[in-house]
Amino acid sequence: MDSGQDITWLMSAEDPPSATLSSVVREERDLLAPSLTDQDMFFLILTGILIFMLQMGFTLLEAGYVRSKNTGNILFKNLHIIVISAIAYLLVGFQLAFGRGNSFSGMGDWTYGLADERLVFWLFQFAFAATAATIVSGSMAERCAFNAYLICSVMLSGVVYPVVSHWTWSYVGWLKTQHYQDFGGSGVVHLTGGVAALVGAVILGPRIGRFGPKGKEIRGHSVPLAAQGFLILLFGFLAFNGGFQASISHEVDAVAIAKVVFNTAISASSGGIAVLLMNHSRRESLWSFLMALNGSLAGMVSISVRCNVVQPWSVCVIGTVGGSVFLAIHTLLPKLKVDDPLDAVAVHMGGGLWGLVAVALFQDGGIVYGGSAEVLAWNIVGALAIVA
């Protein structure tokens, strides 16, 4: 696509060039729709704030999963993830994601030149950038230097995540113009953060005493803290997925959002139940709250990819398989001597990968219903690009 027909219209109230729109099949509203009512803007502000509550959930979850001596360190890091990611996304990230550029990344339209009424999109998108950065924190808990993690957060929220989001959510992105589908961020947010989490855990190596001849499982110090974090994450995830409708003023918006929230809740329940039962059967009648918790998170990650166009029965399948993928990766990583204290890799990378496959299979008109495999092929291409 000609770089002259880019997304500069996103920075104003003007409609996009008709030639540009005609080249793209838009099955759902673009995240940066050209005209928004006050209702739409309030909806995006409210969901952006609710999504930001994921940071509270991640913080409590991580605090509960680590040993008590490291709780202060986790709290300190998570606070600074937010503030450092905000500055990185303000100065560089938002422009790479949605500025004037080409199919690979944006390059211009710096935030200080952005019209006031478009700042709502910065808030909404920053919530996702911060989430991607926070995912990595769990996999490197208890052994990552503070300054090193700040550098990691800057790179992820300021460069890596914005470029990936440009591919998918800017309508000139090279994946957006093909058959790749990712409505709610299974690939853009979760797979990106999950792969970064895996790389970070491998580079740092395991915690002292985790593996080896006398190695043992290192347990966290507070299940109640982890439970509080999970409940907040569940609440935030409903806004996370529902907010991608991007508007509330159109006739079909309320019904679409209700379907998204319903499917998110059912997928979380299916993933949690599946992991609870499978872990119970393999661990000699042990019922594990924390394993079921992560299974529910994996279910929500799996359905994020296209939670607006799947039927309830297929949502149960997607959530159940998402929980199973989590459990498989959770079992595999220790065998590979990869230490991931919060199972961030299993939840986010595993759930994200399965979600990209599941949408091609189970969405309305997907492979299960006799549709073509184009979405599956392009989602695999997109997944490989994100991993790279």
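The values are calculated or read from the model by the stated rules, or taken from the named source; none is laboratory data. Everything numeric here is computed off the predicted structure, so don't read it as measured data. Cβ placement follows ideal geometry from the backbone for every residue including glycine, while neighbour counts extend to all protein chains displayed. Accessible surface areas use protein heavy atoms only, side chains included; no ligands, DNA or RNA. Shrake-Rupley method; radii C 1.70, N 1.55, O 1.52, S 1.80 Å.
Tabulated results
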quantity: Selection from segment 203-222 of residues that are open to solvent by 80 Å² or more (accessible area, probe 1.4 Å) and hydrophobic (A, V, I, L, M, F, W, C); calculated: I203, I208
quantity: Verdict on R219 being farther than 20 Å from A129 by Cβ and touching a Lys or Arg at 6+ places or on another chain (Cβ under 6 Å); calculated: no
quantity: Residues of segment 197-218 that turn out to be free of Cβ contacts under 8 Å to residues at least 60 places away in the same chain and not β-branched (V, I, T), as a count; calculated: 7
quantity: Counted residues, segment 230-267 - those being of a type in the set (A, V, I, L, M, F, W, C), closer than 13 Å to F124 by Cβ and crowded, with 23+ Cβ neighbours inside 10 Å; calculated: 2
quantity: Helices (runs of 4 or more DSSP H) lying entirely in segment 95-172 (those with 1 or more residues that are modelled with pLDDT of 85 or more and touching an Asp or Glu at 6+ places or on another chain (Cβ under 6 Å)); calculated: 119-139, 161-169
quantity: Residue match in segment 179-202 (condition: among the aromatic types (F, W, Y), within 25 Å of I303 (Cβ to Cβ), open to solvent by less than 40 Å² (accessible area, probe 1.4 Å) and outside any loop (DSSP other than H, G, I, E, B)); calculated: no
